[in-house]
């Protein structure tokens, strides 16, 4: 049915037709025509007002990661748009489908340095999968359909639509939402090449020490079951990257844990000692390979990925298979020969016995952050969703929480964005209002988007924040501790002007922490809890769970605790530092 | 490190050149020359990009180009049975003593004199890159006042 509609009406109508239930955003002058329509259609589509555009971007991201649906984020021109940048780049690095819509100054003013004008299409070219400037209202319906299609198919990613205000106000006489998409430059290969899949089966048959290396692509393509079936059929040990935690059962006998800089020894030894890596939806990030020239010296590599550009980018592979992980694994499964357990499985099982993740509790009176994460896992229901900030908190959350299903862990893996966790948790809570959504945070990261506590409260989104407060920007402090002669420069969050120069020794004489997180939470109408003793941890978590609204739990933890195991930067991944018991 | 000619068909649209240029700078690939113009289909432009790089870099360049939504087709046409041409416009120092010698060189290179002044000759030369290079090297001792090269265009026979 064709209708006469304004650009703003078309936008909102198209979003609803694409199944958008919620828009995260922030208004501005050039977006008023759009907000005028949203006002009328409040019943059909929810608008969540973030307190900062970066927050809105991460909320849309958390929503998309948790639900698998396309997130939608709306921001105004100029500073509104530039405030999205970190959020867009975060989504781009982790292949998260989001459609960003930015208001733009009137077409006639573009290029004149108009008030609140920024060339956001130019600025975001290298951090979006694709972007559009709407020049003509006739193109608008096609652009929105294409944006959703591009964002959600192939290797997903963010797409930005820059939407000038005159187009929002213009009228299109014969609007109908397109049902067909034809983009001649965009045809992702979903089916893997038959020959390559057969070659993969041969490689597996010849291998005596295979390892399956699974990345975020497994979660995106819903390939968890196929992955498990393959692993069990060929009895190959499995390692899952940070982006794939939850894609393979962590209590499975074939599971080796996470690989890389802070991975388990089992996973790293597994990759280094194997004769075949079957990589599924992973991209050999430098945090995983360590020194590339020493990585997996005896392994042949099969690389299954939907993005051809990820294949042989870092590591030369022997068999590239370009296709969707689930499709390829399902085609591979029937033609691959079953393999029994062999000496390799025994070797890996031995490592699993000998090298468990561990930390000490007897080297300080202070509470250890790892314990807090373990207790969160023990107290929360199995279907809870965990978001993290970035740094030590992120790695402890990865190591000491047991993930049991895909999309359970929301973390900024590629870009490593501090300030991601709280807004991502809020977005996830919108998708799953009845689940517990927890942000495992550091005292540094949480302050980067703390303003979103207001959003959580007013929107009745009962996220629980667990701050592991060590008073430091802990991961950088850890590197300074281990590799820079313990020169704690620029990392102490308690440091004030009167402090000694070159201080690397935290003590009880230090200034007290600013802000007071409990009081801060209370000022947002959010419950604030503080805990610094082991035997109060469970009680604190249970109080937070029982509270019908957002909560900030502040856990005062050991100031100088380091994340282990650790592969020093630039080393091979079997050169591992660990804490002595 | 070899020179490669990559032929790219792109949507003839606002901003496409910027995207391609941005891709090369973002990934630190070096463009030696880039030409762009409409094809037989006015919706499609062809870019001829000359880059220097080893096999792995070339493979990545092609894959990254292919990832752009506005890119329709990418082909490394180096070594194929192709014609490639470049135009050179150049203004050369000239005196009454050496003017004849310069004009003779232009004739040998099948160029045309397109401007002449008391102290200079301006000429156009058309041909493959080797020919253009050879002409420039020959003429350099006379003194080059100003020159511009079009960049290479190429097509498979």
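Here, each number is a calculation from the coordinates, and none is a lab measurement. These numbers come from a predicted model, not from an experiment. Ideal geometry is used to build each Cβ from the backbone, glycine not excepted, and the neighbour counts take in all protein chains shown.
What residue among B:19, B:85, B:27 shows peak mean-square fluctuation when chain B is described by a Gaussian network model with Cα springs under 10 Å? Greatest mean-square fluctuation among the candidates belongs to B:27. Put a dot 7 Å past the Cα of residue B:101, heading toward its Cβ, do the same for residue A:333, and the two dots end up 8.0 nm apart.
Peptides B:145-151, A:31-37 ordered by packing proxy, namely the average of other Cβ atoms within 10 Å per residue, highest first: A:31-37, B:145-151. Rounded if a/c is under 1.5, else prolate if a/b beats b/c, else oblate: with a ≥ b ≥ c from the C-alpha gyration tensor eigenvalues square-rooted, which is region A:3-175? Rounded is the answer for region A:3-175, as its axis ratio a/c remains below 1.5.
FRET efficiency for the pair residue A:362 and residue A:316, taken as 1/(1 + (r/R0)^6) with r the Cβ-Cβ distance and R0 = 41 Å, rounds to 0.35. Shown is the FRET efficiency for residue A:169 and residue A:142, computed with R0 = 22 Å from the Cβ-Cβ distance and rounded to the nearest 0.05: 0.65.
Just so you know, the Rg over Rh for region A:266-360 is 1.00, from Cα atoms, with Rh as the Kirkwood radius.
Within the listed set B:81, B:112, B:66, the Gaussian network model of chain B (springs between alpha-carbon atoms below 10 Å) gives the highest mean-square fluctuation for B:81.
Estimated at 0.36 nm per residue, the fully extended path between residue A:581 and residue A:176 surpasses their Cα-Cα distance by 139.0 nm. Legend: mean number of C-beta atoms from other chains within 10 angstrom of residue C-beta atoms, peptide B:25-32, equals 1.
Other protein chain C-beta atoms within 10 Å of residue C-beta, averaged over A:179-190: 3.
When each of the peptides A:317-325, B:31-39 is scored by how many other beta carbons lie within 10 Å of its residues on average, the order from highest to lowest is A:317-325, B:31-39.
Modelled spin labels at residue B:89 and residue A:293, positioned 7 Å past Cα toward Cβ, are 4.9 nm from each other.
If a spin label sat at a point 7 angstrom from the Cα of residue B:66 along the line to its beta carbon, the backbone N atoms of region A:249-293 nearer than 18 Å would be those of A:281-283. Taking square-rooted eigenvalues a ≥ b ≥ c of the alpha carbon gyration tensor, is region A:492-581 rounded, prolate or oblate, where a/c under 1.5 means rounded and, failing that, a/b exceeding b/c means prolate? Verdict is oblate for region A:492-581.
Count the DSSP beta bridges whose two residues both fall in the protein assembly as shown, then state the antiparallel fraction as a percent rounded to the nearest 5. Of all bridge pairs located within the protein assembly as shown, approximately 45 percent are antiparallel. For the pair residue A:483 and residue B:113, label points projected 7 Å from Cα toward Cβ lie 6.6 nm apart.
The overall shape of region A:194-354 is rounded: from the C-alpha gyration tensor, with semi-axes ordered a ≥ b ≥ c, the ratio a/c is less than 1.5. Give me the extension gain from residue B:124 to residue B:26: residue separation times 0.36 nm, minus the current Cα-Cα distance, reported in nm with one decimal. Full-extension gain reported as 31.8 nm. Relative contact order, whole percent, for chain A stands at 14, derived from Cα pairs under 8 Å and 6 or more residues apart.
For the pair residue A:233 and residue A:202 in one chain, pulling the backbone fully straight at 0.36 nm per residue adds 9.7 nm over the alpha carbon distance. Using only Cα positions of the protein assembly as shown, each an equal point scatterer, no hydration layer, compute I(q)/I(0) via Debye at q = 0.08 Å⁻¹ and quote the log10 values to two decimals. For the protein assembly as shown, the Cα-only Debye profile gives -0.74.
Given R0 = 25 Å, the distance between the Cβ atoms of residue A:112 and residue B:13 translates into a calculated FRET efficiency of 0.65.
Computed over Cα pairs, the Kirkwood radius of region A:369-556 leads via Stokes-Einstein (1.567 mPa s, 4 °C) to a diffusion coefficient of 77 µm² per second.
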